[in-house]
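Have a look at the structure below, then the notes.
The values are calculated or read from the model by the stated rules, or taken from the named source; none is laboratory data. Just so we're clear, the structure is a prediction, and the values are computed from it rather than from any experiment. Glycine also receives a Cβ, built like all others from the backbone with ideal geometry; neighbour counts cover every protein chain displayed.
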Amino acid sequence: MNWNSTNLEGCIVLEPRVFLDSRGYFMESFNQKTFDEITQQPIRFVQDNQSLSSKGVLRGLHYQTGEFSQSKLVRVLQGSVLDIAVDIRPDSKTYGQYHSEILTAENQKQVFIPKGFAHGFLVLSDTALFSYKCDQYYNAASEGGIIFNDSFLNIDWQFLISDCIISDKDLKLPEFSKAKAVW
């Protein structure tokens, strides 16, 4: 498996080796030993989540706080998305910065997003099947979020925002400066 660091400390893009032939392809999507070597962190995933969304659906920016803060390993099983990770760790030198990555079923890229990051994605294809592994169980009381169009973060969603489909809940998320502290 190949991997690359991003501009955000601890956020890593993973690229599995894909073996193609006339039958299709084979790849190892996850290997705990390899993952541990790459991340240099004792991450143990406890929950897998999956969502199906149509073109223009924007989900995020979400995170969990305190003891329920989550590291995630995300990928696209079908379709394509613009994936966004935002560093919200107050003591980080990349606090308030984001990384964007196009994830597709074809490129098979995965993004490891450590604890202390907000996460969101925008569906670019007709539909997208999105999968993520979490190292902590979901806890509703520990939910946090940041409005997708926060002026401080200034995220380039590479899509006409008026064409986005956003839940009422996500439209009511606070600005970055007023968001719930991650720790």
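Report, by residue number, each residue of the stretch 1-25 that is aromatic (Phe, Trp, Tyr) and either in contact (Cβ under 8 Å) with a residue 40 or more places away in the chain or loosely packed, with under 11 Cβ neighbours inside 10 Å (or both). If you could, list the steps in order and put the result at the bottom.
Our first condition is that a residue be aromatic (Phe, Trp, Tyr); within the stretch 1-25, this holds for 3, 19, 25.
Result: PHE19, TYR25.
Could you check the stretch 23-50 and list, in sequence order, the residues that are of a type outside the set (Asp, Glu) and part of a loop (DSSP other than H, G, I, E, B)? Step through it out loud before you land on a result.
To start, the set of residues in the stretch 23-50 that are of a type outside the set (Asp, Glu) comprises 23-27, 29-35, 38-47, 49-50.
Hits for the stretch 23-50 are ARG23, SER29, PHE30, ASN31, GLN40, GLN41, PRO42, ILE43, ARG44, PHE45, VAL46.
Of the numbered conditions (1) of a type in the set (A, V, I, L, M); (2) in a loop (DSSP other than H, G, I, E, B); (3) out of contact with any Leu (no Cβ under 8 Å at 6 or more places or on another chain), ILE147 satisfies every one except a single condition; which is it?
The single condition ILE147 does not satisfy is (3).
Take PHE35 and decide whether it is more than 18 Å from ALA85 (Cα to Cα) and either charged (D, E, K, R) or surrounded by 17 or more Cβ atoms within 10 Å (Cβ to Cβ) (or both). I'd like the intermediate steps shown before the answer.
On the way: more than 18 Å from ALA85 (Cα to Cα): yes; either charged (D, E, K, R) or surrounded by 17 or more Cβ atoms within 10 Å (Cβ to Cβ) (or both): yes.
Taking the combined requirement at face value, the residue satisfies it.
Restricting to the stretch 85-104, and then to whatever is of a type outside the set (A, V, I, L, M, F, W, C) and closer than 10 Å to GLY116 by Cβ, can you tell me which residue is farthest from the chain's Cα centre (by Cα)? Please lay out each step first, then the result.
Within the stretch 85-104, the first condition is being of a type outside the set (A, V, I, L, M, F, W, C), and the residues that meet it are 87, 89-101, 104.
Pick out the ones that are also closer than 10 Å to GLY116 by Cβ and you get 87, 89-92, 95.
Values: ASP87: 11, ARG89: 16, PRO90: 19, ASP91: 21, SER92: 18, TYR95: 16 Å.
Ranking the qualifying residues of the stretch 85-104, first place goes to ASP91.
Please state which one of SER131, SER125, SER100, SER177 is over 24 Å from GLU9 (Cβ atoms) and not in a loop (DSSP other than H, G, I, E, B). Before you say what the answer is, go through the steps one by one.
On the way: SER125 fails: not in a loop (DSSP other than H, G, I, E, B); SER100 fails: over 24 Å from GLU9 (Cβ atoms); SER177 fails: over 24 Å from GLU9 (Cβ atoms).
Result: SER131 is the single residue among SER131, SER125, SER100, SER177 that is over 24 Å from GLU9 (Cβ atoms) and not in a loop (DSSP other than H, G, I, E, B).
Out of (1) farther than 20 Å from LEU52 by Cα; (2) in contact with a Gly (Cβ under 9 Å, 6 or more places away or on another chain); (3) surrounded by fewer than 18 Cβ atoms within 10 Å (Cβ to Cβ), what's the single condition that is false for PRO114?
(3)
Could you identify the single residue in ARG89, ARG59, ARG75, ARG44 that is among the basic types (Lys, Arg), at pLDDT 95 or above and surrounded by fewer than 18 Cβ atoms within 10 Å (Cβ to Cβ)? Write out each step before concluding.
Values: ARG89 fails: surrounded by fewer than 18 Cβ atoms within 10 Å (Cβ to Cβ); ARG59 fails: surrounded by fewer than 18 Cβ atoms within 10 Å (Cβ to Cβ); ARG75 fails: surrounded by fewer than 18 Cβ atoms within 10 Å (Cβ to Cβ).
One residue alone meets the criteria, ARG44.
What pairs can you find where one residue is in the stretch 83-109 and acidic (Asp, Glu), the other is part of a loop (DSSP other than H, G, I, E, B), and their Cβ atoms are less than 6 Å apart, with a gap of 6+ or different chains?
The qualifying pairs are ASP87/LEU8; ASP87/THR94; ASP87/TYR95; ASP87/GLN97.
Condition check: crowded, with 20+ Cβ neighbours inside 10 Å and of a type outside the set (Ser, Thr, Tyr). Does ILE84 satisfy that?
Details: crowded, with 20+ Cβ neighbours inside 10 Å: yes; of a type outside the set (Ser, Thr, Tyr): yes.
Yes, satisfied.
Out of all the residues in the stretch 137-153, which are charged (D, E, K, R) and either surrounded by 18 or more Cβ atoms within 10 Å (Cβ to Cβ) or in contact with a helix residue (DSSP H, G or I) (Cβ under 6 Å, 6 or more places away or on another chain) (or both)?
If we filter the stretch 137-153 for residues that are charged (D, E, K, R), which is where we start, we get 143, 150.
The answer is ASP150, and nothing else.
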